[in-house]
1. Between the alpha-carbon centers of region A:174-213 and region A:2-33, tell me the distance in whole angstrom.
2. Whole angstrom only: what separates the Cα centroid of region B:63-133 from the Cα centroid of region A:338-397?
3. Calculate the dipole size of region B:50-125 relative to its Cα centre from +1 charges on Lys and Arg beta carbons and -1 charges on Asp and Glu beta carbons; express the result in debye to the nearest 20.
4. With no other cysteine's Cβ closer than 4.7 Å, which Cys residues of chain A count as lacking a disulfide-compatible partner?
5. Please give the helix B:167-182 orientation as an angle from the longest Cα principal axis of chain B, in degrees from 0 to 90, rounded to the nearest 10.
6. Considering the Cα positions of region A:347-502, please state its Rg to one decimal place and its Dmax as a whole number of Å.
7. Mind checking A:381-389 for the average number of partner chain beta-carbons within 10 Å of each residue's beta-carbon?
8. Per residue of A:366-373, count partner chain C-beta atoms within 10 Å of its C-beta, then hand back the mean as an integer.
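What follows draws every value from the coordinates through simple rules; no lab data is involved. The model shown is predicted, which means the values in this text are computed figures rather than measured ones. Neighbour counts are summed over all protein chains in view; Cβ atoms, including those assigned to glycine, are modelled from backbone coordinates with ideal geometry.
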Amino acid sequence: VSLHARPLNELRASDRAQFGGKAAGLGEMLALGLPVPQGFALPVQACNEAWSAWDAGAAQTLLGETRRDITAALAELESQTGLRLGGEPPLIVSVRSGAPVSMPGMMDTILNVGLTPAACASLAQRWGDEFVQGCHRGLTSTFRSAAGGEPPEAARDQLDAAIEAVFRSWRTPRAVAYRRAKGLAENMGTAVVVQQMVFGNLDRRSGTGVVFSRDPSTGERVLSGEFALGRQGEEFVGGEITPRPVAALEVALPEAFSELAGAAATLERHFRAVQDIEFTVESGALYLLQTRDAKLAPAAALVTAIDMAEEGLIDADEALSRLTPHLVRAVLLPGLPSEIRRQALCSGLPACPGVASGAAVFSAERAIELSEEREVVLIRPETTPADLNGMLVASGLLTARGGATCHAAVVARDLNLPCVVGCEEMEVDPGAGVAAIGSDIIHEGDEVTVDGGHGILLVGRHTATQFDPPPQVEGLRKLAREWLQAGGEAGHHARQLLEALE
Amino acid sequence: VIERDDLVRYLGLQPGCQLEAIGVFFGAPDDAAAAFEALAAEGMVRQTARGMCLLTDSGRARREELYRAEAAACAAGPVVEAYEAFEPINLAFLGWATTWQTRPSGEGDQPLLAQLWEIDAELQPLLDGVSRELPRFGYHQRALVDALKRVEAGENDWLLSPAKASYHTAWFILHQDWLEALGRERED
């Protein structure tokens with residue numbers, strides 16, 4: 001295994017374990033001939049070696065020997081792009097972490113690295129002061145939140161400090177606690193992706209967005225997602241601006257939109273799964289910044305599996321293996337309309353389908369007490385047998401921790417109680433009687449709704465409606481009947497799916 | 001006869017239980033209502049419209065006071081020593097439960113159950129010692145034995161079912177009571 005940085009265009013899906021999913025996905029996109037900004041990635045081993053050397057007292061700085069790797073990779077990137085970091089014309093890059101498994105507490109992104117006073121002056125001549133000042137604010141704000149200080153003056157120092165911040169974030173207490181709870185290896189390490197910046201905030205023909213190759217709620221064969229004109233990606237993900245539906249891109253920049261639709265189709269054919277794609281448009285030119293398999297609502301999982309089998313994108317047995325009896329049942333049950341589901345406050349694993357509303361409570365005792373007056377939804381960090389009686393009186397259940405086989409999920413299925421588990425963005429404090437999802441706080445007594453089929457929590461009371469099942473349900477029935485004869489595991493699975501359709 | 005303070009502790013471990021469950025746990029079905037009413041008269045407990053039994057604020061205060069005194073009294077001695085011997089057995093049981101849940105259906109149940117009998121055989125003598133210090137642990141012992149009797153009768157639900165007074169449920173309640181008695185927090 002090479003310890004060394006590699007250009008993104010040399011990476012493939014098979015490099016995922018060493019270079020992380022982000023870099024591997026970018027490499028695959030470049031190989032498909034799609035427009036992706038050039039860059040390089042450092043393998044997880046670089047992070048591990050840096051920490052080993054540091055722990056052994058063998059390195060003066062955490063970055064240590066990695067600096068030589070960066071120098072070599074940077075020289076190659078400069079020759080690929082014809083730009084120079086800290087030189088003329090200036091190379092400006094983003095620095096992102098890329099652990100094989102995403103985890104809370106890890107540094108995410110530092111934007112506009114290399115934006116020195118000289119680079120600012122140079123870019124301002126071409127694109128104006130206002131734009132350059134906006135970029136510099138992007139650098140200082142992302143640098144501060146990731147590295148905890150001001151960016152250094154020299155471009156190379158900025159790059160080194162940003163990469164070191166990624167390494168450092170591997171050991172934040174929150175990331176360490178997360179790995180311990182999940183049983184993830186401490187020496188898994190994080191990769192680093194350094195990539196030429198493209199500017200969604202450059203002019204009125206620029207912007208940034210996220211798009212799904214098919215609708216992740218319904219599975220419908222339309223591009224769906226969001227787009228914001230004149231913005232950089234970080235503002236978007238950070239929720240600082242309200243984006244518009246991606247159809248707005250079709251009106252504003254029709255050429256970029258049609259190129260994006262083509263790229264989405266290419267990626268879908270290549271990965272044989274619905275894709276979740278981040279993109280930026282710079283002065284009308286489209287760039288793809290990330291792609292991954294999309295998380296789909298149960299209906300979308302069913303619809304796309306059957307559609308893709310009909311399109312010949314996947315085999316019939318692959319389509320069936322993507323579906324579970326649990327998921328099929330969730331599609332047929334009454335549910336919340338997709339426009340309501342989009343207002344979800346947080347999401348976790350769907351553990352038992354059904355929709356329930358009630359007053360939020362954070363302990364079994366309070367659930368029992370409050371249930372004398374009104375319906376309650378029990379929200380716990382996780383459940384134990386001491387919570388059982390609270391679960392008996394609750395209309396719905398939600399936990400911050402746990403997987404599909406945790407105590408809460410097992411009991412909820414036993415009781416047929418709408419349940420979502422593993423809402424990891426949520427912190428529950430039963431003592432204080434609150435739950436927090438980022439800056440959103442739920443207090444005891446607040447009306448909430450859980451949708452156990454979709455694994456989401458919403459504020460307020462929402463009513464489920466019975467939908468007409470999508471026509472793909474018939475396609476599934478037909479496929480499953482054909483596979484009944486197959487016998488063995490496949491036949492057994494087909495029978496279970498048919499039973500769920502009853 | 002159900003001890004007043006034992007009932008206070010039990011209601012902390014199983015908030016919302018029915019009178020019937022109290023009778024089963026204490027092996028005194030006929031005494032449960034009277035014991036509960038006596039505590040209710042003191043304002044320590046109350047029953048919801050659905051018949052669920054709960055501690056009141058003063059019941060909770062009593063419970064904390066009881067455990068605080070117990071933790072001080074047990075600080076160094078046989079209850080702590082037994083708990084240290086319990087920790088590896090607890091891990092063995094949790095590992096066993098995972099193996100049981102993920103076993104291929106119906107295969108090799110008997111050898112696996114034999115492993116559980118061994119785990120239980122290690123646990124019970126430890127609990128004998130604890131019960132000499134804290135007599136209420138005898139109730140936990142009996143809950144474990146009752147669950148295993150059901151399993152021996154072929155009702156495998158009584159191994160792990162979270163909705164029953166299964167072996168796992170009894171184990172959990174015992175573990176929680178023990179931690180509280182030592183003034184410790186659960187480590188997960």
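1. Spelled out, the Cα-based centre of one part sits 14 Å from the other.
2. Measuring centre to centre over Cα atoms gives 31 Å.
3. On the way: 6 positive and 12 negative charges, 99 e Å.
Here the size comes out at about 480 debye.
4. A:C47, A:C120, A:C135, A:C346, A:C406, A:C423
5. 50 degrees
6. 17.8, 57
7. Values: counts 1, 1, 1, 8, 14, 9, 3, 8, 11.
For peptide A:381-389, the averaged partner shielding equals 6.
8. Per-residue shielding by partner chains comes out at 3.
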